[in-house]
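Notes follow once the structure below has been shown.
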């Protein structure tokens, strides 16, 4: 009896399995059968073996029912990824694919090129033509000289500094000195000693020690060496605020001297002190000593000759009153 009960249970399980399999296979089988009937009706229509129109309609109905039944049995196969609105879901939907705006490729910012040591004309062309920048010129000395011929000047500094990233069309100031001045400052990082008691003119002319920076040299009486009546220095050519305060203070109070009738006493900065590129150099001087002729009267004129008081002797013309020109 127990054996019969076990056999009956297995039969029930088998029946359930068959029904489940049949249920899952029914939509597939029904769809295939219905489509086959419709296909045969279309191909063989009018022939002896063609299905009747009623059978073709039945096949179509079976296909519709099978598809509907398959949609119920296999919902995942018919599921559509329809977007869910934020209102119905109650949360902000997360997109399946994150779409972001493509980064805009901006033109790289130019950088101030290394033009120090270049001819001013060449440096200007490089800024404008190759780096899309604008150029402005300024004298690097405190004199604020006008730059007439850019071919005679050399760049010694820039503002903004070299290597700075700037927007296109930024104005870059090129500070320049004359070529001879650049050479002189490069050759003299410290102040060279000036020959004492040498004529001041000899330093500024020809191959003189300061000839390369002649325009930047100020000649001033050394302290205690200015004669009565010497004029105070005004420095009208110097732009106020264009040089360090200590440089202005170092020459404060010194009076103006002339190179042609003075000799060297010293310099500002003094020998062996660092020299800032483009600074004004002060030559401190004293008046040249005047010499008198031997036997003279001490005022530098020709010596006095007794009996030579007749100032018009050289202008007498021989005539009836004086037979010779020596009357």
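The values are calculated or read from the model by the stated rules, or taken from the named source; none is laboratory data. Given the structure is predicted, the values throughout are model-derived calculations rather than measurements. As a convention, Cβ positions derive from the backbone with ideal geometry for all residues, glycine included, and neighbour counts pool all protein chains shown.
Out of the range 255-280, which residues are over 28 Å from residue 186 (Cβ atoms) and in a loop (DSSP other than H, G, I, E, B)? Before the answer, list the steps.
So in the range 255-280, the residues over 28 Å from residue 186 (Cβ atoms) come out as 255-258, 260-263.
257, 258, listed by residue number.
Please tell me if residue 252 is within 36 Å of the chain's Cα centre (by Cα), free of Cβ contacts under 8 Å to residues at least 60 places away in the same chain and part of a loop (DSSP other than H, G, I, E, B).
Working: within 36 Å of the chain's Cα centre (by Cα): no; free of Cβ contacts under 8 Å to residues at least 60 places away in the same chain: yes; part of a loop (DSSP other than H, G, I, E, B): yes.
Here the answer is no, as residue 252 does not meet what is asked.
Residue check: is residue 202 in a helix (DSSP H, G or I), in the same structural domain as residue 262 (by TED's automatic domain parsing) and either closer than 30 Å to residue 263 by Cα or touching a strand residue (DSSP E or B) at 6+ places or on another chain (Cβ under 7 Å) (or both)? Lay out the reasoning, then the answer.
Numbers: in a helix (DSSP H, G or I): yes; in the same structural domain as residue 262 (by TED's automatic domain parsing): yes; either closer than 30 Å to residue 263 by Cα or touching a strand residue (DSSP E or B) at 6+ places or on another chain (Cβ under 7 Å) (or both): yes.
When the stated conditions are applied, residue 202 passes them.
Spot the failing condition for residue 231; the list is (1) within 40 Å of the chain's Cα centre (by Cα); (2) more than 27 Å from residue 138 (Cα to Cα); (3) modelled with pLDDT under 95, and only one is missed.
With respect to (1) within 40 Å of the chain's Cα centre (by Cα); (2) more than 27 Å from residue 138 (Cα to Cα); (3) modelled with pLDDT under 95, residue 231 is out only on (1).
If you check residue 137 against the conditions, is it more than 24 Å from the chain's Cα centre (by Cα) and outside any loop (DSSP other than H, G, I, E, B)? Please lay out each step first, then the result.
Numbers: more than 24 Å from the chain's Cα centre (by Cα): no; outside any loop (DSSP other than H, G, I, E, B): yes.
The answer is no for residue 137.
So residue 256 ticks every box in (1) surrounded by 18 or more Cβ atoms within 10 Å (Cβ to Cβ); (2) over 30 Å from residue 118 (Cα atoms) but one. Which box is left unticked?
(1)
The rows are residues; the columns are (1) buried (at least 20 other Cβ atoms within 10 Å of the Cβ); (2) touching a helix residue (DSSP H, G or I) at 6+ places or on another chain (Cβ under 9 Å); (3) not assigned by TED's automatic domain parsing to the domain that holds residue 136.
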site: 159; (1), (2), (3): no, no, no
site: 172; (1), (2), (3): yes, yes, no
site: 175; (1), (2), (3): yes, no, no
site: 181; (1), (2), (3): yes, yes, no
